[in-house]
């Protein structure tokens, strides 16, 4: 998934301390089902285990869990 430059929000925070930023998720035209699939693909079982996550400009999700840092493809 690549974002059009006009759709990209610089460093869009998706999760902070286990809480989904629904506003940014919506602004990026993404849904929680997609987010949960990305987390599951990275081996993160629940949103509550995520300290911070943001969408990168290339469409990957940067995930800093409360124990390990992941990048999705």
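The values are calculated or read from the model by the stated rules, or taken from the named source; none is laboratory data. Computed from a predicted structure; not experimentally measured. All Cβ positions, glycine included, derive from the backbone under ideal geometry; neighbour counts span all protein chains shown.
Restricting to the range 24-49, name every residue that is touching a strand residue (DSSP E or B) at 6+ places or on another chain (Cβ under 8 Å) and either closer than 19 Å to residue 65 by Cα or assigned to a helix (DSSP H, G or I) (or both). Spell out how you get there, then give the answer.
Step one: list which residues in the range 24-49 are touching a strand residue (DSSP E or B) at 6+ places or on another chain (Cβ under 8 Å), which gives 24-25, 28, 30, 32, 35, 38-39, 42-44, 47, 49.
Selection gives 24, 25, 32, 35, 38, 39, 42, 43, 44, 47, 49.
Select from the range 1-12 the residues that are touching a helix residue (DSSP H, G or I) at 6+ places or on another chain (Cβ under 7 Å) and either more than 24 Å from residue 67 (Cβ to Cβ) or modelled with pLDDT of 95 or more (or both) and list them in ascending order. Spell out the reasoning first.
Here is the first cut: in the range 1-12, the residues touching a helix residue (DSSP H, G or I) at 6+ places or on another chain (Cβ under 7 Å) are 9, 12.
9, the sole residue that qualifies.
Mind checking which pairs have a first residue in the range 23-51 that is farther than 14 Å from residue 12 by Cβ and a second that is part of a strand (DSSP E or B) and modelled with pLDDT under 90, Cβ under 6 Å, 6 or more apart or different chains?
42/70; 44/65; 49/65; 50/65
Consider residue 64 carefully, then state whether it is surrounded by fewer than 16 Cβ atoms within 10 Å (Cβ to Cβ), over 12 Å from the mean Cα position of the chain (by Cα) and either within 18 Å of residue 12 (Cβ to Cβ) or modelled with pLDDT of 90 or more (or both). Step through it out loud before you land on a result.
On the way: surrounded by fewer than 16 Cβ atoms within 10 Å (Cβ to Cβ): yes; over 12 Å from the mean Cα position of the chain (by Cα): no; either within 18 Å of residue 12 (Cβ to Cβ) or modelled with pLDDT of 90 or more (or both): yes.
No.
Select from the range 24-35 the residues that are surrounded by 15 or more Cβ atoms within 10 Å (Cβ to Cβ) and touching a helix residue (DSSP H, G or I) at 6+ places or on another chain (Cβ under 9 Å) and list them in ascending order.
25, 28, 30, 35
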